[in-house]
Amino acid sequence: MKSGGNTNTKLILVHPYIQKQTSTNRLWLLAFVSFFTIAFLLTLLYTTDSIIPTKNNSATVSSAVNSVVSTAPITQLPTAAINAMLHYASRSNDSFHMSYGEMKSISDVLRRCSPPCNLLVFGLTHETLLWKSLNHNGRTVFIEENRYYAAYFEEIHPEIEVFDVQYTTKAREARELVSAVKEAARNECRPVQNLLFSDCKLGLNDLPNHVYDVDWDVILVDGPRGDGGDVPGRMSSIFTAAVLARSKKGGNPKTHVFVHDYYRDVERLCGDEFLCRENLVESNDMLAHYVLERMDKNSTQFCRGRKKRSVSSPSA
């Protein structure tokens, strides 16, 4: 024992009751937390089960949505809006735009077309956005010869559906090609066929598959270029339009086909041979309007007769 230190001894006693009270409080706390954890998990499981629909519920919801969509009214563009678009489109500074009268002829047909109307246009032109807007309740597809311009146009206007196509013809070969097609009208160049599998020299067979499955109500031929002997010319687009119109499987049996730049030899020649004079309802130097009917699959002639008759311009 050391001397000189504090000899007072401090004794600390812990009462057994304090230890027991602390252990009991911990047990109560653990039970409380466990109870709320279990309650939370049960609530979460029940809520998730209610939110996720069963297969039958999904079918019911889908049926209800389809019912609402199918009964929703299809709105038409107001006449004033259509007239305004035609007016400003015809006042463009672009040298190659259509006149007001030409655009109105196509617009009138689109307005009478039962929605949803299917419009196929050969060529990206000054009027491209106009055709898309006028056919706002239907489907509009554009076919363009220049793949780079098609990609650029689709990039700046993603709402436009455009496909590029490679033409293998020259405008100066028009008469030779037309003669070859007439000779093969009973075989690969039949007026009724699926062009996807066609070997006809003027048939476009490299478009996306679904393009051939659509029943087109209106077709406008305003491309490819046809202003020179070494450019593709519009023989293939006119022939393809003629076959698509006659090969429809459903929808309206009639198809309106417009050919722009009708004053040119190729457009007039191919119009006579494949769209046929008896189907020509209106024409002037710039625009021809044909109405073609669906044909029997065994048909081998584009036109009923080869008699030539003059068709006067509406303005004459």
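The values are calculated or read from the model by the stated rules, or taken from the named source; none is laboratory data. This structure is a prediction, so every number in the text was calculated from the model and none was measured. Quick reminder, even Gly has a Cβ in these numbers, built from the backbone with ideal geometry, and neighbours come from all protein chains shown. When the accessible area is computed, the model is the full protein with side chains, heavy atoms only, and any ligands, DNA or RNA have been set aside. Shrake-Rupley method; radii C 1.70, N 1.55, O 1.52, S 1.80 Å.
Overview of values
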quantity: Label-point separation, Tyr263 to Arg139 (7 Å along Cα→Cβ), nm; calculated: 3.7
quantity: Rough spin-label spacing in nm, given labels placed 7 Å along Cα→Cβ, for Glu159 and Leu129; calculated: 1.0
quantity: Carbon + sulfur, % of accessible area of region 228-303 - ligands and nucleic acids excluded, 1.4 Å; calculated: 44
quantity: Arg264, Arg172, ranked by accessible area, largest first (probe 1.4 Å); calculated: Arg172, Arg264
quantity: Rounded, prolate or oblate (a/c below 1.5 giving rounded, otherwise prolate when a/b exceeds b/c) for region 185-294 by Cα gyration tensor; calculated: oblate
quantity: In order through region 134-142: 3J(HN,Hα) via Karplus (6.51 cos²θ - 1.76 cosθ + 1.60), integer Hz, x for Gly, Pro; calculated: 5, 9, 5, 8, x, 10, 10, 10, 10
quantity: Surrounding net charge for Arg139, when Lys and Arg each add one and Asp and Glu each subtract one, Cβ distance under 15 Å; calculated: -3
quantity: Gain in span if fully extended, Arg172 to Tyr152, counting 0.36 nm per residue against the direct Cα distance; calculated: 4.2 nm
quantity: Charge dipole (region 164-223, unit charges on Cβ, about Cα centre) - positive-most of Gln193, Leu207, Ala174; calculated: Ala174
quantity: Cross-link pairs beyond the 24 Å C-alpha cut-off, checked among Lys132/Lys201; Lys132/Lys182; Lys201/Lys248; Lys132/Lys170; Lys132/Lys297; calculated: Lys132/Lys201; Lys132/Lys182; Lys132/Lys170; Lys132/Lys297
quantity: Probe 1.4 Å, accessible area per residue of region 160-227, Å²; calculated: 50
quantity: Paramagnetic label zone (point 7 Å from Cα along Cα-to-C-beta, Cys303; backbone N under 12 Å) in region 267-294; calculated: 268-280
quantity: FRET E, pair Ala80, Asn187, Förster distance 41 Å, beta-carbon r, rounded to 0.05; calculated: 0.20
quantity: Rounded accessible area of Arg268 (nearest 10 Å², 1.4 Å probe); calculated: 80
